[in-house]
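Here the structure is laid out as structure tokens; the discussion comes afterwards.
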């Protein structure tokens, strides 16, 4: 396959215009030492039909619902996506446009991102949101860098209940920066132990995740109070944006910055990416926010329109003094999230979130009735930790063969939690699938 | 929403989402409730989220109308310099949307995810072959993320070697992301100027390179569309002082199968799959910015890494010198699938031909327009060329005026006012997927605009005239930001 429209005649005439004989002559200025000695060694080109067959084959080797009854969550969630969303997103006008640098020919993307910023700010209960970041983990890293810039302090209290890979990304981003991360342990009920915060000085931020990695809903207002007592910012992360369709949002509980993953809002899991980094903050911090922002303005005739704005924060103007290096973000996924939030609307988002809560409660209650140990007692949204009996590992492997994935073994992330599994239940699970699971694990 | 008649034909005047809202509407099929309501503490439940209430038809029409206000690759030529806006093949969308890929959970046991692991391992191999480098990470989610990855690797490498170093050389033609990425690693960017011929002189690098300098970030071909002919010598100078050479591969589309980036002395090179490898840019993302390295830097690559075990693939975390993790999982897999299909479909010969034709198209434009616009660096160019508006200054017409006028003729403007070293720059990258007839139309259009600059400059100053909106007030937007509705 190729996508060149050039005929041999075109090429000959164009070469003549340029004043060279052969295509290779266009590269005459390149020193021999920099040139390839051999042709590229790549597999023979596929036709479109062959590619379909090849990709179908690769795709069939992947485990996916509904063939598999999977209880994996932990940062990526199998929510129902109405076909309206991929169908609208597939419009080339959205998908094949570049960053809207020229507003007169990009009003579609610009208005859509302005609407995304607005709906995100409403979901998280804060005044402003940016146009998107890469994913939840980089959003948390950017939020913490932002908090360090705002407070000019170097310590960060990081809940151990934040997604382990998010904590790793934070460590990577901050490695060259003068900083100190203090890990906050968890309480017996599965929530973050906030007590150590009161004795930490020079604190830029207290960062937690809610619902946290164990699914437990954190007491955000207490955390925000503890952070503010130390003159630190309260940074609330999340991996499950849908939770705020039901739960009190971070802004209303005192969070200064809320940041996390928006994959649950109409975006396929796609083996972890592309995803959607969401970030919102109080209005007073808007000039420290990383990433792009779309703002409302008017044209020469006074008509309402939208432009990229506050670019003086950004790398193409500020270069090394920019608030972030981010340029390309997750715009198309932000659009998907806006479509999802708009389609669900005020009542739909509540009902979908509530179904996640109720189905999770159903499974949790019945597992407990059957004698499964629930080690952490704090309320949860759509994930929770169970402790299966010793030797469950063999059963886990056997269930995999029966196409049932009994959650995520936690020992890899929390060595003290051998035999503990993190289970996720979304609205896509039928009661029968939940009952099958209960029956299988107690067989 | 005011009840006004639409007088704009098919150019609908579409309100904001919430201006369409009517209490009681829902725009999706709510999942079945087959369990009872569970108890929940009042202290947990928030107020109902203030989302608009819309029907599915409302949502479908809203976004269809918005989409019609966008220019895209499928509309016409989109010659944004350094952005490589080539055609995005439709078949890639089918492949990335296959259920097994789209519905795959990233924490699946590896034996249940061999298809994507194989795709990623093979894509790494393809990119290593194309760049001549020895190891690849696909994890960075965009070009700037790749730059950050590269700078973190520089930082980790120098720290491991006992001399952390504090500076980095960044030429004046660099993308703005380069200094911003370096600054995240606390490197102080040292700016060097390109010479009168638009490329870097080795003496200039030798003058600033020292043992407190971590290395150089170099874009090749550079942002003037010129090949850095002294790259080998520059690399040697940097290496002699213990530094490393970072290549910004945003412009790889000029040299696939022709240049050997490894042989030109690079230690690290990032690629933009959403440029060179034809994945759609989505109105600003998602992209993907793989990083290719030579063997001596492989231990510092981010984790997790894909490991081949015979015919099977696994995910490895245990690399003690790694800079760590940059993404929640493995990067933008959906974007990787499209780039993988692009390479698999094109094959070696067509990838090389893509670069040849991209360079041919750019040189054809350059030759056809250099009498109309000032060409500050009149040398054979690579995949893009940079003009200035100096000839039009006599008529008090700027680059901005001319490119806004281009919209009236159905073309997207080129990149403007970049690189900064060319006043009033117009950086034009046609890409190989534009036909000769379309290039001729673009050339004729720019010539007509240059003629208007002489004869009817006012029409340019007020352009565009044919878009839904006239020129927008960006100053007012920044002075009093209104970021949410």
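Among the residues of the stretch A:38-52, write down those that are more than 7 Å from chain B (Cβ to nearest Cβ) and more than 36 Å from the chain's Cα centre (by Cα).
A:38
Filter the stretch A:142-154 for residues that are free of Cβ contacts under 8 Å to residues at least 60 places away in the same chain and on the phi < 0 side of the Ramachandran plot and give the result. Write out each step before concluding.
Looking only at the stretch A:142-154, we keep the residues that are free of Cβ contacts under 8 Å to residues at least 60 places away in the same chain, and these are A:148, A:152, A:154.
Listed by number, the residues that qualify are A:148, A:154.
For the stretch B:268-303, which positions are without any contact (Cβ under 8 Å) to a residue 40 or more places away in the chain, within 11 Å of chain A (Cβ to nearest Cβ) and either surrounded by fewer than 21 Cβ atoms within 10 Å (Cβ to Cβ) or in contact with a strand residue (DSSP E or B) (Cβ under 7 Å, 6 or more places away or on another chain) (or both)?
Scanning the stretch B:268-303 gives a single hit, B:303.
I'd like the residue in the stretch B:459-469 that is surrounded by fewer than 19 Cβ atoms within 10 Å (Cβ to Cβ) and at pLDDT 95 or above and, out of all such residues, is nearest to residue B:402 (Cα to Cα). Quick ask: steps written out before the conclusion?
Of all residues in the stretch B:459-469, those surrounded by fewer than 19 Cβ atoms within 10 Å (Cβ to Cβ) come to B:459, B:461-462, B:465-466.
Those left that are additionally at pLDDT 95 or above: B:459, B:461-462, B:465.
On the way: B:459: 10, B:461: 8, B:462: 10, B:465: 12 Å.
Ranking the qualifying residues of the stretch B:459-469, first place goes to B:461.
Can you pull out every residue in the stretch A:18-30 that is surrounded by 15 or more Cβ atoms within 10 Å (Cβ to Cβ) and facing chain B (nearest Cβ under 7 Å)? First the steps, then the outcome.
Let us first name the residues in the stretch A:18-30 that are surrounded by 15 or more Cβ atoms within 10 Å (Cβ to Cβ), namely A:18, A:20, A:23, A:26-27, A:30.
Those that are surrounded by 15 or more Cβ atoms within 10 Å (Cβ to Cβ) and facing chain B (nearest Cβ under 7 Å): A:18, A:23, A:26, A:27, A:30.
Is the stretch A:243-258 home to any residue that is buried (at least 24 other Cβ atoms within 10 Å of the Cβ), within 13 Å of the chain's Cα centre (by Cα) and more than 9 Å from chain B (Cβ to nearest Cβ)?
yes
Just the residues that are away from chain B (no Cβ under 14 Å) and closer than 22 Å to residue A:416 by Cβ, please, taken from the stretch A:368-382.
Passing the criteria: A:372, A:373, A:374, A:375, A:376.
Out of everything in the stretch B:370-403 that is assigned to a loop (DSSP other than H, G, I, E, B) and under 15 Å from residue B:78 (Cα atoms), what residue ends up being farthest from the other protein chains (Cβ to nearest Cβ)?
To start, the set of residues in the stretch B:370-403 that are assigned to a loop (DSSP other than H, G, I, E, B) comprises B:370-373, B:375-384, B:389, B:396-398.
Narrowing further to those that are under 15 Å from residue B:78 (Cα atoms): B:383-384.
Numbers: B:383: 10, B:384: 13 Å.
Among residues in the stretch B:370-403 that are assigned to a loop (DSSP other than H, G, I, E, B) and under 15 Å from residue B:78 (Cα atoms), the one farthest from the other protein chains (Cβ to nearest Cβ) is B:384.
Of the conditions (1) more than 7 Å from every other protein chain (Cβ to nearest Cβ); (2) at pLDDT 95 or above; (3) surrounded by fewer than 23 Cβ atoms within 10 Å (Cβ to Cβ); (4) more than 28 Å from residue B:141 (Cα to Cα), residue B:367 fails just one. Which one is it?
The number of the failed condition is (1).
Scan A:356, A:333, A:329 and give me the residue that is in contact (Cβ under 8 Å) with a residue 60 or more places away in the chain and touching a strand residue (DSSP E or B) at 6+ places or on another chain (Cβ under 7 Å). Explain how you work it out, then say what you get.
Working: A:356 fails: touching a strand residue (DSSP E or B) at 6+ places or on another chain (Cβ under 7 Å); A:333 fails: touching a strand residue (DSSP E or B) at 6+ places or on another chain (Cβ under 7 Å).
Exactly one residue qualifies, and that residue is A:329.
Determine which member of the set B:236, B:314, B:321 is surrounded by fewer than 24 Cβ atoms within 10 Å (Cβ to Cβ), away from chain A (no Cβ under 13 Å) and at negative phi. If you could, list the steps in order and put the result at the bottom.
Values: B:236 fails: away from chain A (no Cβ under 13 Å); B:321 fails: away from chain A (no Cβ under 13 Å).
None of the other options fit; the residue is B:314.
Here's the yes/no breakdown for (1) touching a residue at least 12 places away in the same chain (Cβ under 8 Å); (2) under 36 Å from the mean Cα position of the chain (by Cα); (3) closer than 30 Å to residue B:346 by Cα:
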| site | (1), (2), (3) |
| --- | --- |
| B:30 | no, no, no |
| B:53 | yes, yes, no |
| B:60 | no, yes, no |
| B:66 | yes, yes, no |
| B:85 | yes, yes, yes |
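Given the options A:117, A:107, A:111, name the one that is more than 23 Å from the chain's Cα centre (by Cα), modelled with pLDDT of 95 or more and crowded, with 22+ Cβ neighbours inside 10 Å. Working first, answer last.
Values: A:117 fails: more than 23 Å from the chain's Cα centre (by Cα); A:111 fails: more than 23 Å from the chain's Cα centre (by Cα).
Testing whether each residue is more than 23 Å from the chain's Cα centre (by Cα), modelled with pLDDT of 95 or more and crowded, with 22+ Cβ neighbours inside 10 Å leaves just A:107.
List the number of the failed condition for residue A:385; all other conditions in (1) in a helix (DSSP H, G or I); (2) away from every other protein chain (no Cβ under 12 Å) hold.
Of everything listed in (1) in a helix (DSSP H, G or I); (2) away from every other protein chain (no Cβ under 12 Å), residue A:385 misses just condition (1).
Surrounded by fewer than 23 Cβ atoms within 10 Å (Cβ to Cβ), in contact with a helix residue (DSSP H, G or I) (Cβ under 8 Å, 6 or more places away or on another chain) and not in a loop (DSSP other than H, G, I, E, B) - does that describe any residue in the stretch A:147-155?
Yes, some residue in the stretch A:147-155 is surrounded by fewer than 23 Cβ atoms within 10 Å (Cβ to Cβ), in contact with a helix residue (DSSP H, G or I) (Cβ under 8 Å, 6 or more places away or on another chain) and not in a loop (DSSP other than H, G, I, E, B).
Condition first: surrounded by 23 or more Cβ atoms within 10 Å (Cβ to Cβ), in a loop (DSSP other than H, G, I, E, B), touching a residue at least 40 places away in the same chain (Cβ under 8 Å) and touching a strand residue (DSSP E or B) at 6+ places or on another chain (Cβ under 8 Å). Can you find one or more residues in the stretch A:225-235 that meet it?
Yes.
Is it the case that some residue within the stretch B:30-38 is in a strand (DSSP E or B), surrounded by 15 or more Cβ atoms within 10 Å (Cβ to Cβ) and modelled with pLDDT of 95 or more?
Initially, the stretch B:30-38 is screened for residues in a strand (DSSP E or B), giving none.
For the stretch B:30-38, residues in a strand (DSSP E or B), surrounded by 15 or more Cβ atoms within 10 Å (Cβ to Cβ) and modelled with pLDDT of 95 or more: absent.
Before we move on, is residue A:57 under 30 Å from residue A:422 (Cα atoms) and either within 21 Å of the chain's Cα centre (by Cα) or surrounded by fewer than 23 Cβ atoms within 10 Å (Cβ to Cβ) (or both)?
Values: under 30 Å from residue A:422 (Cα atoms): no; either within 21 Å of the chain's Cα centre (by Cα) or surrounded by fewer than 23 Cβ atoms within 10 Å (Cβ to Cβ) (or both): yes.
Against the criterion (under 30 Å from residue A:422 (Cα atoms) and either within 21 Å of the chain's Cα centre (by Cα) or surrounded by fewer than 23 Cβ atoms within 10 Å (Cβ to Cβ) (or both)), residue A:57 does not qualify.
I need every pair where a residue in the stretch B:146-173 that is more than 10 Å from chain A (Cβ to nearest Cβ) and on the phi > 0 side of the Ramachandran plot has its Cβ under 6 Å from the Cβ of a residue that is modelled with pLDDT of 95 or more and assigned to a loop (DSSP other than H, G, I, E, B), sequence separation at least 6 or different chains.
B:165/B:212
So residue A:99 ticks every box in (1) part of a helix (DSSP H, G or I); (2) in contact (Cβ under 8 Å) with a residue 24 or more places away in the chain; (3) within 7 Å of another protein chain (Cβ to nearest Cβ) but one. Which box is left unticked?
Answer for residue A:99: the failing condition is (1).
Got a number for residues in the stretch A:115-137 being in a helix (DSSP H, G or I) and more than 7 Å from chain B (Cβ to nearest Cβ)?
Keep residues of the stretch A:115-137 that are in a helix (DSSP H, G or I), which gives A:115-124, A:136-137.
Then drop every residue that is not more than 7 Å from chain B (Cβ to nearest Cβ), which leaves A:116, A:120, A:124.
Summing the residues that are in a helix (DSSP H, G or I) and more than 7 Å from chain B (Cβ to nearest Cβ) in the stretch A:115-137 gives 3.
Please give the number of the condition residue A:365 fails out of (1) in a helix (DSSP H, G or I); (2) more than 7 Å from chain B (Cβ to nearest Cβ); (3) within 21 Å of the chain's Cα centre (by Cα).
(3)
Restricting to the stretch B:65-108, give me the number of residues that are more than 18 Å from residue B:273 (Cβ to Cβ) and more than 7 Å from every other protein chain (Cβ to nearest Cβ).
Of the residues in the stretch B:65-108, 6 are more than 18 Å from residue B:273 (Cβ to Cβ) and more than 7 Å from every other protein chain (Cβ to nearest Cβ).
Could you list, in sequence order, all residues of the stretch A:53-85 that are touching a helix residue (DSSP H, G or I) at 6+ places or on another chain (Cβ under 7 Å) and either assigned to a helix (DSSP H, G or I) or over 23 Å from residue A:274 (Cα atoms) (or both)?
Of everything in the stretch A:53-85, those that are touching a helix residue (DSSP H, G or I) at 6+ places or on another chain (Cβ under 7 Å) and either assigned to a helix (DSSP H, G or I) or over 23 Å from residue A:274 (Cα atoms) (or both) turn out to be A:55, A:58, A:59, A:60, A:69, A:84, A:85.
Pull up the stretch A:311-331, narrow it to residues that are farther than 15 Å from residue A:293 by Cα and within 7 Å of chain B (Cβ to nearest Cβ), then point me to the one that is surrounded by the most Cβ atoms within 10 Å (Cβ to Cβ).
It comes out as A:319.
Determine if the stretch B:456-468 includes at least one residue that is without any contact (Cβ under 8 Å) to a residue 24 or more places away in the chain and in contact with a strand residue (DSSP E or B) (Cβ under 7 Å, 6 or more places away or on another chain). Break it down stepwise before answering.
Residues of the stretch B:456-468 without any contact (Cβ under 8 Å) to a residue 24 or more places away in the chain: B:456, B:458, B:462.
Now restrict to residues that are in contact with a strand residue (DSSP E or B) (Cβ under 7 Å, 6 or more places away or on another chain): none.
No, that holds for no residue.
With the requirement that a residue be touching a residue at least 12 places away in the same chain (Cβ under 8 Å) and within 11 Å of chain B (Cβ to nearest Cβ), what does the stretch A:407-427 give you?
Result: A:407, A:408, A:409, A:413, A:422, A:424, A:425, A:426, A:427.
The values are calculated or read from the model by the stated rules, or taken from the named source; none is laboratory data. Everything numeric in this text was worked out from a predicted model, so none of it was measured. Positions of Cβ are backbone-derived with ideal geometry, glycine not excepted, and every protein chain shown enters the neighbour counts.
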